[in-house]
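The values are calculated or read from the model by the stated rules, or taken from the named source; none is laboratory data. Owing to the predicted nature of the structure, the values given are computational and were not obtained by experimental measurement. Cβ placement follows ideal geometry from the backbone for every residue including glycine, while neighbour counts extend to all protein chains displayed. The protein model used for the area step is the full one, side chains on, heavy atoms only, and it has no ligands, DNA or RNA in it. Shrake-Rupley method; radii C 1.70, N 1.55, O 1.52, S 1.80 Å.
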Amino acid sequence: MDSVIALVGKDFVLSAADTSNARSVIVMKDDVDKIMELDSHKTLAMGGEPGDFVQFTEYIQKNLHLYEFQTGLQLSTHAVANFIRGELARLIREAPVLANLLLGGFDEVSGPCLYYIDYLGTLEKLDYTAQGYASFFILGTLDRYYQKDITLEQGIELMKRCIQQLGKRFVINQRNFIMKVVDKDGVRQINFE
Amino acid sequence: MFYSLSTLLIPKILESHTEIKLYILHSHFLFYTHTHTHIYIYIYMASIGTGYDLSATTFSPDGRVFQVEYAQKAADSSGLTLGMCCKDGVVLAVEKVLLSKMLLKESGRRVHLIDQHAILAVAGMGPDGRQLATRARQECEQYRNIFRMPMPAHLLAERIAGYVHVHSLYWHVRPFGCTILIGTWDGKQGPALYMIDPSGTFYRYYGCAAGKGKQGAKTGLEKLDFHQLSCEDALFELAKLINAAHDESKDKPYEMEMIWIKRDLGKASLVPPNLIETVRQRAEQLAREEEMAD
């Protein structure tokens, strides 16, 4: 099961996701990138059913690119979050998509923001959250150690702590995690450990 | 049978005209006598776009679509309509001619609220403009439903212009007989003003005018510095321009309708009637003083 964690810092959004694709007792791939870059200043970390979330997030990404070509505008994170939520809410009663997403974005106007979107069309703007089984273990850790306006170094330390907690208490061994940050300079991957 | 009748009629009514031959072709598709004769009477009387102006789907040999041009004439025959960007908002004003003393003021509005951030003014046929305002409201509402954000100005203008244009492509609908001014205020980009004419052409302006007297009004607008004027100043300037364009002796009495989006108010609203009245009195007073000084 996918573990996806994200938190908002002073001027960035940090996302982490595990990189394994496993079915029953077999690990099929252990270097999957589950954090998609929607555009220059947005990441979409995904979890759920592997085929569903890839298909759906690519659909969202292409629609955003089309919007940008047609109008010359990049949508704000708020607009993208509501667009994604609208699509999932429509699909839940037509052709359900098991995609649980964490949308992190940096807007010039409103700064960093994080949105929790689940497969039913739930939408919440949050400072820190997790999807998948990780939430059972990590929300407590984040409650305890998260503070508003943390710096990137503190954020990375906190994320490493969360990943260690998962390694300690979660029965499924998720060996690798990938971490990406969005700030005013765009999206980049963080190398840690 | 009717086709052969019509070929007899042609030489009797008119001398040989190249345009008329087109009508013979055109009549090939008509099957009712009354429409046949109706058309021939029309040819006899038409003078401007003779032959090429019956439908919006016909180009003339010199590349014009006459139906669209006639629609533009309809739009130009209304009272003066002005729009202006200011440093803290957008203002639109319409000179609404009062056709009768029995008319209740503030009815038959030509300025419309589209969304909290968008306003629209109509020059030309009021009902056509109302239809476009409804469409603009639907576009903005749909955008808000999907993205939970106000619709960007150039996107709204493009959509409405596309809608207007589409009505000049088909034989069974007529073009809109109105020019519309769309004003928006965006938190990031500030004020925006677009003017869309019946052909579907649209441009973005600092200040624009449509309707009778628009040339003089455009000259007047060019003298203003939009970056310095506030919305209240803009109201006064527009009132002055409408007053200048209106000829007391010749034209009927008029009502001034104004609508604005002011940054301080936060959302679009009709300008209060007493404020319009104040501004109009000031403008008329100023005009009288200038006349006496001359």
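Going through region A:85-122, which trypsin sites (Lys or Arg not before Pro) have at most 12 other Cβ atoms within 10 Å and a DSSP loop state?
A:93
Give the residue list of trypsin sites (Lys or Arg not before Pro) in region B:54-105 that are DSSP loop and have at most 11 other beta-carbon atoms within 10 angstrom.
B:101, B:105
Considering only Cα-Cα distances, which of the following residue pairs are longer than 21 Å: A:160/A:180; A:125/A:160; A:42/B:87; A:184/B:262; B:87/B:188?
As for pairs spanning more than 21 Å Cα to Cα, those are A:125/A:160; A:42/B:87; A:184/B:262.
Could you calculate the FRET efficiency of residue A:161 with residue A:92 from 1/(1 + (r/R0)^6), where r is the beta carbon distance between them and R0 is 51 Å, rounded to 0.05?
0.90
Mean projection of the alpha-carbon convex hull of the protein assembly as shown over all orientations, in nm²?
One quarter of the hull surface, i.e. the mean projection, equals 34.7 nm².
Percent of Cα-Cα pairs more than 22 Å apart in region B:186-294, please.
38 percent
In nanometres, what is the gap between the two model label sites at residue B:288 and residue B:59, each 7 Å from Cα along Cα-to-Cβ?
Reported label-point gap for residue B:288 and residue B:59 is 5.6 nm.
Relative contact order, percent, of chain A when contacts are C-alpha pairs under 8 Å separated by at least 6 residues?
Taking the mean separation of contacting Cα pairs over the length of chain A, I get 32 percent.
With the full set of protein chains in place, find how many percent of the accessible area of the protein assembly as shown is carbon and sulfur; take the probe as 1.4 Å.
54 percent
Points 7 angstrom from Cα along the Cβ direction at residue A:109 and residue B:141: gap in nanometres?
Result for the modelled spin labels: 2.3 nm.
Calculate the spin-label point distance for residue B:281 paired with residue B:100, positioning each point 7 Å from the Cα along the beta-carbon direction, and give it in nanometres.
3.0 nm
For the ranges B:256-263, A:173-180, what's the packing order if you count other beta-carbon atoms within 10 Å of each residue, average per peptide, and put the highest first?
My ranking of the peptides, most packed first, is B:256-263, A:173-180.
Determine which lysines satisfy two conditions relative to residue B:73: a Cα distance under 16 Å, and not lying fewer than 8 residues away in the same chain.
Residue B:73 reaches B:212, B:214.
Viscosity 0.890 mPa s, temperature 25 °C: what is the translational diffusion coefficient of region A:3-190 from Stokes-Einstein with a Kirkwood Rh over Cα pairs, rounded to a whole number of µm²/s?
So the translational diffusion coefficient is about 148 µm²/s.
Just to confirm my numbers, what's the Cα centroid distance between region A:1-57 and region A:120-154 in Å?
15 Å
Taking amide hydrogens as modeled 1.01 Å from N in the peptide plane, which residues meet the under 5 Å criterion relative to residue A:118, leaving out close sequence neighbours?
Hits under the 5 Å cutoff: A:101.
Among A:98, A:166, A:66, which one moves the most in a GNM of chain A with springs linking Cα atoms closer than 10 Å?
Largest GNM mean-square fluctuation: A:66.
If amide H atoms are built 1.01 Å from N in the plane of the peptide, which residues on other chains or at least 5 residues away come under 5 Å of the amide H of residue A:107?
A:113
For the peptides B:111-121, B:242-252, what is the packing order when you average, over each peptide's residues, the other Cβ atoms within 10 Å and list the highest mean first?
Ranked from most to least packed, the peptides come out as B:111-121, B:242-252.
Provide a whole-number value for the mean count of partner chain Cβ atoms within 10 Å of the Cβ atoms in peptide A:79-86.
Per residue, the number of nearby Cβ atoms from other chains is 3 on average.
Rounded to the nearest 100 Å², what is the sum over both chains of accessible area buried where B meets A, with a probe of 1.4 Å?
It comes to approximately 900 Å² buried between B and A.
Starting from a Cα-only point model with no solvent, please compute log10 I(q)/I(0) by Debye for region B:78-293 at q = 0.09, 0.18 1/Å.
-0.33, -1.31
Using Cα springs under 10 Å in a Gaussian network model of chain A, which residue among A:116, A:146, A:67 shows the largest mean-square fluctuation?
Residue with maximal mean-square fluctuation among A:116, A:146, A:67: A:67.
Within 10 Å of each Cβ in peptide B:149-158, how many partner chain Cβ atoms are there on average? Round it to a whole number, please.
That average works out to 2.
Whole-Hz Karplus ³J(HN,Hα) for region A:185-193, in order, using 6.51 cos²θ - 1.76 cosθ + 1.60 and θ = phi - 60°, x for Gly and Pro?
Those phi angles translate into 8, x, 9, 8, 7, 9, 9, 10, 6 Hz.
When only DSSP loop residues count, what trypsin sites (Lys or Arg not before Pro) in region B:208-249 have their Cβ near at most 12 other Cβ atoms within 10 Å?
Answer in residue order: B:223.
How much accessible area per residue does region A:3-190 have, in Å², with a 1.4 Å probe?
49 Å²
Name the most mobile residue of A:33, A:118, A:143, meaning the one with the largest mean-square fluctuation, in a Gaussian network model of chain A with Cα contacts below 10 Å.
Of the options given, A:143 has the highest mean-square fluctuation.
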